[in-house]
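A.B. asks: For reference, the structure I am asking about is given below.
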Amino acid sequence: MRIAVMGAGAVGGYFGGQLARAGNEVTLIARRAHLEAIRDRGLTVKSHWGEFNVKIDATDDTGSVGPVDLAILSVKGYQNAAAIPALAPMMGDGSCVLTLQNGVASYDEVAGVVGAGRVLAGAAYMETHVESPGVIKQEGEVVRIVFGEADGEETERARRIREALRAAGVDAQVSGDVMKALWTKFLYIATMAGVSSAARTPMSVLLSLDAARETMLSCMREVEAVARARAIDLDAGVVQRTMEYMDSEAESLQASMHTDLTAGRPLELEALNGAVVGMGRELGIPTPVNDTLYSTLLPHREGSPAGS
């Protein structure tokens with residue numbers, strides 16, 4: 001497949017590297033030092049299963065890429081205003097966009113630019129970060145993508161994407177209810193990101209504290225309540241199963257928002273806890289834990305001096 005990855009950071013870089021290694025024609029859309037490192041030395045991926053380096057096309061100009069079969073959108077939510085319009089030059093006959101972002105709003109945002117018929121929504125489950133320019137580090141045994149069409153149909157293009165991902169070593173599943181999948185991840189990531197960032201403390205430590213665990217459970221229950229009010233059919237035991245997953249992966253859990261906060265970078269606050277607060281207010285559902293997390297982190301939304 002001819003594939004472009006819009007946002008070749010931790011998530012996009014990992015999947016782009018794996019897809020290129022498997023023989024797909026991949027172009028990474030990257031910026032600054034990361035872009036220069038990839039151009040000079042290729043992309044290095046360090047994972048639970050080993051390490052490899054792949055020579056791969058990289059650019060900061062989507063207009064130079066040409067039409068692709070698949071564009072993967074994996075930028076941070078606060079970059080969408082610039083990134084989503086930049087998808088348009090890469091759209092040709094048969095092109096589609098797979099959204100792999102935190103939050104639950106990007107599907108509609110992308111559809112508004114390239115058309116709903118071109119968009120598949122997805123959720124990525126993995127622990128990864130940019131170790132240094134041109135180097136992606138993945139940890140833990142979980143690397144999974146769940147994605148699908150908005151109407152639940154398993155289309156030919158969805159099957160092609162699934163098989164390309166599987167051939168690249170990624171556990172990929174086509175969902176008949178992708179909004180359920182997105183919200184299941186959203187419940188997890190909004191809680192992990194919000195609580196660990198507000199506490200400035202690793203998840204492995206927080207999970208050992210009863211009071212912190214209660215805060216996490218309350219945060220997840222608020223997200224669940226908002227989801228059900230929006231007619232999202234979450235599993236009955238979603239909160240407990242999410243907590244069990246956190247316990248099983250405690251040592252490798254690190255929310256990217258916590259990493260960004262520590263480094264003084266902008267935060268995906270509006271796409272995560274801010275979105276819970278906003279939807280809760282619209283629906284008349286109290287979200288006191290998310291309100292507190294949001295207000296605590298709001299001064300750092302646009303970034304702040306590292307370590308502050």
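The values are calculated or read from the model by the stated rules, or taken from the named source; none is laboratory data. If you're wondering where the values come from, they're calculated on a predicted model, not measured in any experiment. Here the Cβ is made from the backbone with ideal geometry for all residues, glycine too, and neighbour counts use every protein chain on show.
A.B. asks: Inspect all residues belonging to segment 100-110 and state whether any of them is surrounded by 22 or more Cβ atoms within 10 Å (Cβ to Cβ) and of a type in the set (Gly, Ala, Ser).
C.D. replies: yes
Matching residues to (1) buried (at least 20 other Cβ atoms within 10 Å of the Cβ); (2) among the acidic types (Asp, Glu):
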residue	(1), (2)
VAL146	yes, no
GLY152	no, no
ARG159	no, no
ASP235	no, yes
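A.B. asks: Search segment 58-72 for residues that are under 22 Å from GLY122 (Cβ atoms) and pair each with any residue that is among the hydroxyl-bearing types (Ser, Thr, Tyr) and not in a strand (DSSP E or B) when their beta-carbon atoms are under 9 Å apart and the residues are at least 6 apart or on different chains.
C.D. replies: Close Cβ pairs satisfying both conditions: ALA71/THR62.
A.B. asks: Being in a strand (DSSP E or B) and either among the acidic types (Asp, Glu) or under 19 Å from GLN18 (Cβ atoms) (or both) is the filter here; which residues of segment 105-131 pass it? Reasoning before the result, please.
C.D. replies: Step one: list which residues in segment 105-131 are in a strand (DSSP E or B), which gives 119-131.
LEU120, GLY122, ALA123, ALA124, TYR125, MET126, GLU127, THR128, HIS129, VAL130, GLU131 - these are the residues of segment 105-131 that are in a strand (DSSP E or B) and either among the acidic types (Asp, Glu) or under 19 Å from GLN18 (Cβ atoms) (or both).
A.B. asks: Regarding ALA116, is this residue surrounded by fewer than 19 Cβ atoms within 10 Å (Cβ to Cβ) and closer than 29 Å to ASN273 by Cα?
C.D. replies: Working: surrounded by fewer than 19 Cβ atoms within 10 Å (Cβ to Cβ): yes; closer than 29 Å to ASN273 by Cα: yes.
The answer is yes for ALA116.
A.B. asks: Among residues belonging to segment 261-299 that are more than 21 Å from ALA105 (Cβ to Cβ) and either touching a residue at least 40 places away in the same chain (Cβ under 8 Å) or in contact with a strand residue (DSSP E or B) (Cβ under 9 Å, 6 or more places away or on another chain) (or both), point out the one that is surrounded by the most Cβ atoms within 10 Å (Cβ to Cβ). Please lay out each step first, then the result.
C.D. replies: Kept after step one, since they are more than 21 Å from ALA105 (Cβ to Cβ), are these residues of segment 261-299: 261-264, 286, 288, 292, 296, 299.
Next, only the ones that are either touching a residue at least 40 places away in the same chain (Cβ under 8 Å) or in contact with a strand residue (DSSP E or B) (Cβ under 9 Å, 6 or more places away or on another chain) (or both) stay: 261-264, 286, 288, 292, 296.
Working: LEU261: 26, THR262: 14, ALA263: 11, GLY264: 13, PRO286: 11, PRO288: 12, THR292: 16, THR296: 15.
Per the criteria, the residue is LEU261.
A.B. asks: Between a first residue in segment 221-232 that is over 12 Å from PHE186 (Cβ atoms) and a second residue that is part of a helix (DSSP H, G or I) and of a type in the set (Ser, Thr, Tyr), which pairs have beta carbons less than 9 Å apart while being 6 or more apart in sequence or on different chains?
C.D. replies: Going by the 9 Å Cβ cut-off, there are no qualifying pairs.
A.B. asks: Out of GLU141, GLU127, report the one residue that is surrounded by fewer than 18 Cβ atoms within 10 Å (Cβ to Cβ), in the same structural domain as LEU28 (by TED's automatic domain parsing), in contact (Cβ under 8 Å) with a residue 60 or more places away in the chain and closer than 21 Å to THR259 by Cβ.
C.D. replies: Working: GLU127 fails: surrounded by fewer than 18 Cβ atoms within 10 Å (Cβ to Cβ).
Every option except GLU141 fails the conditions.
A.B. asks: Any idea which of SER95, SER74, SER132, SER106 is assigned by TED's automatic domain parsing to the domain that holds MET6, at pLDDT below 95 and not charged (D, E, K, R)? Please lay out each step first, then the result.
C.D. replies: Working: SER95 fails: at pLDDT below 95; SER74 fails: at pLDDT below 95; SER132 fails: at pLDDT below 95.
Going through SER95, SER74, SER132, SER106 in turn, just one is assigned by TED's automatic domain parsing to the domain that holds MET6, at pLDDT below 95 and not charged (D, E, K, R): SER106.
A.B. asks: Looking at ARG200, ARG166 in this structure, which one is surrounded by fewer than 15 Cβ atoms within 10 Å (Cβ to Cβ) and under 20 Å from the mean Cα position of the chain (by Cα)? Can you show your working first?
C.D. replies: Values: ARG200 fails: under 20 Å from the mean Cα position of the chain (by Cα).
Going through ARG200, ARG166 in turn, just one is surrounded by fewer than 15 Cβ atoms within 10 Å (Cβ to Cβ) and under 20 Å from the mean Cα position of the chain (by Cα): ARG166.
A.B. asks: Please work out if GLY122 is over 11 Å from the mean Cα position of the chain (by Cα) and either in contact (Cβ under 8 Å) with a residue 24 or more places away in the chain or farther than 28 Å from ARG301 by Cα (or both). Step through it out loud before you land on a result.
C.D. replies: Working: over 11 Å from the mean Cα position of the chain (by Cα): no; either in contact (Cβ under 8 Å) with a residue 24 or more places away in the chain or farther than 28 Å from ARG301 by Cα (or both): yes.
Criteria not met by GLY122.
A.B. asks: Continuing with this model, one more query. If a residue has to be charged (D, E, K, R) and on the phi > 0 side of the Ramachandran plot to count, how many in segment 166-211 make the cut? Walk me through it before giving the result.
C.D. replies: Of the residues in segment 166-211, the ones charged (D, E, K, R) are 166, 171, 177, 180, 185, 200, 210.
Pick out the ones that are also on the phi > 0 side of the Ramachandran plot and you get 200.
Selection size over segment 166-211: 1.
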